[in-house]
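Here the structure comes first, spelled out in structure tokens, and everything after it is commentary.
The values are calculated or read from the model by the stated rules, or taken from the named source; none is laboratory data. What you see is a predicted model; the values in this text were computed from it and never measured. When we count neighbours, we look across all protein chains shown, and the Cβ atoms used for this are built from the backbone with ideal geometry, even at glycine.
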Ligand code: GLU
């Protein structure tokens, strides 16, 4: 299909988790290719390559994991994809986006981190909306920054794209826990459109490409 190309890289967290009904706990088991099976409509937004980068709960991530992530993301950038989505545990997601914002230098595509507050195997999971907004923004937005894409409200209205150095998790369980600090979000991502809220951002060269 003549659609933009997006890589989804999974690193673990609740978005990759299954509930263990014996203990009530969750463990990170699903990977990026499972997301495509569980959420096939992602393929209507972009041609997707899905890879597992790691399987960690984000509280277990160490600075060496940011280095690993940066290398994997750089590899995807070299493949000339139109955008990258990284799925990640929510507890340290904003530390990873800040670190990666400083570590990744040469790129002109959207690099979007997303996650979920409820595991993807629950009907009430926020994973599907977050993933589809993230893939839409990776495929269609012209913002060449490291960002988060998470629910903007507690309903499935829109997600907020927030700059990776300005985002913070403000609540343990709310869907709309990720908020910008000291600046507005960059954009709202609706199922049918992207609304830019803040014009101060680094732009992709997408408009110069024939296929978008
Ligand atoms: N603490 C886990 C993590 O950050 C689960 C939290 C989540 O992903 O929402 O990976």
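A few comments on the model shown:
- Looking across the range 112-128 at every residue that is more than 13 Å from the ligand (Cβ to nearest atom) and in contact (Cβ under 8 Å) with a residue 40 or more places away in the chain, the one that is farthest from residue 42 (Cα to Cα) is identified as 121.
- Scanning the range 129-143 for residues that are away from the ligand (no atom under 16 Å from the Cβ) and more than 13 Å from residue 73 (Cβ to Cβ) turns up 132, 133, 135, 136, 137, 139, 140, 141, 142, 143.
- Considering the range 53-75, the residues that are more than 12 Å from residue 87 (Cβ to Cβ) and touching a strand residue (DSSP E or B) at 6+ places or on another chain (Cβ under 8 Å) include one that is nearest to the ligand (Cβ to nearest atom), namely 57.
- Of the strands (runs of 3 or more DSSP E) entirely within the range 170-212, those holding at least 3 residues that are surrounded by 12 or more Cβ atoms within 10 Å (Cβ to Cβ) and either at pLDDT 95 or above or under 15 Å from the mean Cα position of the chain (by Cα) (or both) occupy 178-180, 187-189.
- Any chance residue 156 is touching a residue at least 12 places away in the same chain (Cβ under 8 Å) and surrounded by fewer than 19 Cβ atoms within 10 Å (Cβ to Cβ): yes
- Residue count, the range 70-95 (criterion: over 24 Å from residue 205 (Cα atoms) and touching a residue at least 40 places away in the same chain (Cβ under 8 Å)): 7
- Filter result for residue 149 (in contact (Cβ under 8 Å) with a residue 40 or more places away in the chain, in contact with a helix residue (DSSP H, G or I) (Cβ under 8 Å, 6 or more places away or on another chain) and either over 29 Å from residue 28 (Cα atoms) or surrounded by 18 or more Cβ atoms within 10 Å (Cβ to Cβ) (or both)): yes
- Restricting the range 13-26 to residues that are within 13 Å of the ligand (Cβ to nearest atom) and in a loop (DSSP other than H, G, I, E, B), the residue that is nearest to residue 172 (Cα to Cα): 13
- Residues in the range 1-26 that are surrounded by 11 or more Cβ atoms within 10 Å (Cβ to Cβ) and more than 22 Å from residue 204 (Cα to Cα): 10, 11, 12, 13, 14, 15, 16, 17, 18, 19, 20, 26.
- Of all residue pairs spaced 6 or more apart or on separate chains, those with beta-carbon atoms under 8 Å, a first member in the range 1-17 that is over 16 Å from residue 141 (Cβ atoms) and a second member that is away from the ligand (no atom under 16 Å from the Cβ) and assigned to a loop (DSSP other than H, G, I, E, B) are 2/211.
- If the condition is being within 14 Å of the ligand (Cβ to nearest atom) and either within 30 Å of residue 2 (Cα to Cα) or crowded, with 19+ Cβ neighbours inside 10 Å (or both), then the range 27-52 contributes 28, 30.
- Those residues of the range 129-146 which are out of contact with any helix residue (DSSP H, G or I) (no Cβ under 9 Å at 6 or more places or on another chain) and without any contact (Cβ under 8 Å) to a residue 60 or more places away in the chain, in sequence order: 129, 133, 134, 137
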